[in-house]
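Remarks on the structure that follows.
Values quoted throughout were computed directly from the atomic coordinates according to the rules given, and no laboratory measurement underlies them. Because the structure is predicted, anything quoted here is derived from the model rather than measured. Neighbour counts run over all protein chains shown; Cβ positions are idealised from the backbone, glycine included.
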Amino acid sequence: MTYTSSIRYLFLLTLLTLGSCSQDFLVETNPNAIATAEYYTTENDVLLALNGVYNALRDNNGIAEGSGLFSEERSDNTGRNDNQSNAGEPFQFNAFALLPSNSYLQTHWTSLYQTITRANYVLAGSENVTYAKSDTKAQYQAEAKFIRALIYFQLVRKWGDVPLVTKPLTTTDEVMANTFREKKEKVYAQIVADLTDVINSTLPDSRSAADKGRVSKVAGNALLGQVYLTMATTLDQANRAANLAQAKTFLTNAYSKRTFGLLKEIPYADVFDVSKKTTNPEAIFQIVYKQGDINYSSSIAANNQAQGETINSLKTTTGVGGNVTPDLVKDYEDGDLRKDFSIKYANASVVKDYFITKFRDVSSTAGTSGYGATIGC
């Protein structure tokens, strides 16, 4: 056999060998991008995915501590002094002059639906797993439903009729078929249904210090009461009285499950004390931040601190802090202990204004980088 013939023979043999092998030899699976259909195999997989839903709540484009642009800044309590930064887009919210091209609005919408999508995947995937205890499945699903309801409550109050998606959408056809604007009445009905499942679940009334940040029945009742209050003022007025009665029922349920006596028994400053964020009995539901961690810490204390001030954080800041409007300052009565704790006047030449001080973390753990941990009720 000549050299050339030998090469041809080996090449042909190689082709035949490869052809006789399974085609799986050429299929590569990315371990960092596991398909949903293959992911949910154990109850721990469901828990980890549920943690991902909670993690989405830390997105400042959604409802996290940095999302005041989409809520509080639209009130007459706070705002911003600079109306030219970022092409003036943030100022559009406070001025009620939103343009369809506003990129902040788009990212807010996307963030909210990303959280809903995560919750939908947990709810669907949790059905395919065997649990050691049936209560575990019920509790995981109740937590996902609470978060889904919480986000839809944000959406329906801001946009009215919105797409109502309650299952994973895995194909383009499914997306096209399900992303139309649903009447707000139906959105509220879904919110009520989800929260009703939460308060009827096996979730604990309140959470231990180790589980602070996870959903409880108190949180479910409190949110459902708020939903009914909102429905009473925004939907068909023929149902106003019934909605108000429902609101009273669920808010009373939430309060009756409290682990303390009267609200006056808890000092106002304790509500915002980061050293008591896992033991404060008044906390209903909170987004958890990890003090001292560069990725999972809170920055609300440092971000709201005005130049020349040290009351909020050890971090040196150069900005104007969280602006407080004169209307809010005047709302405080003489001697109101909340005023001295919540706001302060900054004398720096670039400020000369009140800033927010109720979010404080001057701990050594937060340090000069301002990696704090704050509590939200």
Of the labelled options (1) 29, 27, 22; (2) 45, 29, 23; (3) 35, 22, 20, which one gives semi-axes √(5λ) of the Cα gyration tensor in Å as computed for this structure? (2)
Size of electric dipole in the chain: Cβ of Lys, Arg +1 and of Asp, Glu -1, about Cα centre, debye, nearest 20: 340 debye
Note, residue 252: beta-carbon cut-off 15 Å, +1 each Lys/Arg, -1 each Asp/Glu, net +3
With an 8 Å Cα cut-off and a minimum separation of 6 or more residues, compute the relative contact order for the chain in percent. 13 percent
Picking from 202, 231, 96, whose Cα lies most toward the positive end of the charge dipole for the chain (charges on Cβ: Lys, Arg +1; Asp, Glu -1)? 202
From the phi of every residue in the stretch 308-314, what ³J(HN,Hα) in whole Hz does the Karplus formula 6.51 cos²θ - 1.76 cosθ + 1.60 yield, where θ is phi - 60° and glycine or proline is x? x, 9, 9, 6, 8, 8, 7
Whole-Hz ³J(HN,Hα) for each residue in the stretch 167-174, computed from phi via Karplus 6.51 cos²θ - 1.76 cosθ + 1.60 with θ = phi - 60°, x for glycine and proline: what do you get? 8, x, 10, 10, 10, 4, 4, 5
Estimated inter-spin distance, residue 174 and residue 131, nm [label 7 Å along Cα→Cβ]: 2.2 nm
The stretch 122-194: relative contact order in percent, alpha carbon pairs under 8 Å with at least 6 residues between: 35 percent
Formal net charge of residues neighbouring residue 190 (Cβ-Cβ distance under 15 Å; K, R +1; D, E -1): +3
Those trypsin sites (Lys or Arg not before Pro) in the stretch 87-151 that DSSP places in a loop and that have at most 15 other beta carbons within 10 Å: 133
Under 5 Å between amide H atoms, partner at least 5 residues away or on a different chain: which partners does residue 323 have, H built in plane at 1.01 Å? 79
Choose one of 106, 221, 372: the residue whose Cα lies farthest towards the positive end of the charge dipole of the chain (beta-carbon charges +1 Lys, Arg; -1 Asp, Glu; about the Cα centre). 221
Separation of alpha-carbon centers, the stretch 192-251 and the stretch 55-112, rounded to whole Å: 27 Å
Given the pairs 212/276; 158/184; 145/276; 217/248; 212/290, which span a C-alpha to C-alpha distance of over 21 angstrom in this model? 145/276
